[in-house]
Amino acid sequence: MARRDIVATTLFLAGLLLIATGLALWLVFPQADLRLLDAARLTSGGRVIAFTRLGGFWILAPFGLAMSCLLLIRGRAMAAIWYFTTVASGRLAVEIIKLFCLRDRPPVRGQLDLVTSWSFPSAHAANTTLTLLALALLLPRRRLALPLAILIAVAMAWSRIALGVHWPGDVMAGLGFGMLWIGIAAQWLPEERQHASSP
C-alpha cells in the first residue's frame, strides 16, 4: 500500500471512530458528556480565550486563502486548488451538518465565551483540523507536520470544552470530521506533493 493510501486510510478510520464516539456521548451517554464537560471546564478564560480565537473564521479563513495564494506563487497550482477546495468544502459541510443536528450549546451560565450557533459538531475543532492537516499533507516534512497539526487541533478542541461552549462529544465529532474529510480528500492529493520546497 502506498504511503499516501496509508495516511488517508488512517485518517479516515480515526475520523470515523471519533465521530462515533461523539455521537455516542451525545445520544447514548449524555451524563458522561456532562461529567466530562464539568471536569474540563475552567472558571476563568484568560489566555484560553485568546488561543481559541485562532480557530475562528476570521483567522483560519484568511490563513487558508494565504496558503492557497502562496502555493500558487510557488508554482504549485494543483496543490493550491486541492488545498482550497478541500478546506472550503469541508467548512461548508460542517455548517450544513450543524443545521441538521441542531444541538444546543452547554448552559450559558458556565460559558466563558459568547457563542450563539448550534453546537454539534464543533466548527473550531473541525476547521482547525481541516486547515492544518490539509496543509501538513502538502509539506515536505510530512512526518513532523502531521502530528503537529493534530496536536494543535486537539488543543483547539480542548479549549472549546474548557470555555464551556462545547460538549466533549461536539469536539470529538469535529476532530473526527476533519480527519475523515482529509482522509477522503487525500485520495486526490496532487502527485507533486513531494515538491522540494515548502508552500
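Read-outs: derived from the displayed coordinates by stated rules, not from any lab. All of these numbers come straight from a predicted model, not from anything done at the bench. Here the Cβ is made from the backbone with ideal geometry for all residues, glycine too, and neighbour counts use every protein chain on show.
Table for the structure above
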{"read-out": "Unit Cα scatterers, Debye sum, the range 1-97: log10 I(q)/I(0) for q = 0.22 Å⁻¹", "value": "-1.20"}
{"read-out": "Chain lengthening between Gln187 and Ile6 when straightened (0.36 nm per residue, less Cα-Cα)", "value": "64.1 nm"}
{"read-out": "Test item: Cα-centred dipole of the range 100-174, Lys/Arg +1 and Asp/Glu -1 on Cβ, debye", "value": "240"}
{"read-out": "The range 3-190, relative contact order in percent, only Cα pairs under 8 angstrom and at least six apart counted", "value": "41"}
{"read-out": "Cα long-axis angle, helix 77-101 against the chain (0 to 90 degrees, to the nearest 10)", "value": "20"}
{"read-out": "Charge dipole (debye, nearest 20) of the chain; +1 at Cβ of Lys and Arg, -1 at Cβ of Asp and Glu", "value": "400"}
{"read-out": "Pairwise centroid distance, computed over Cα atoms, of the range 132-169 with the range 52-92, Å", "value": "15"}
{"read-out": "Inter-label distance, nm, simple model (7 Å from Cα along the C-beta direction), Glu95/Phe57", "value": "0.5"}
{"read-out": "Alpha-carbon gyration tensor eigenvalues x 5, square-rooted, for the chain, Å", "value": "30, 18, 14"}
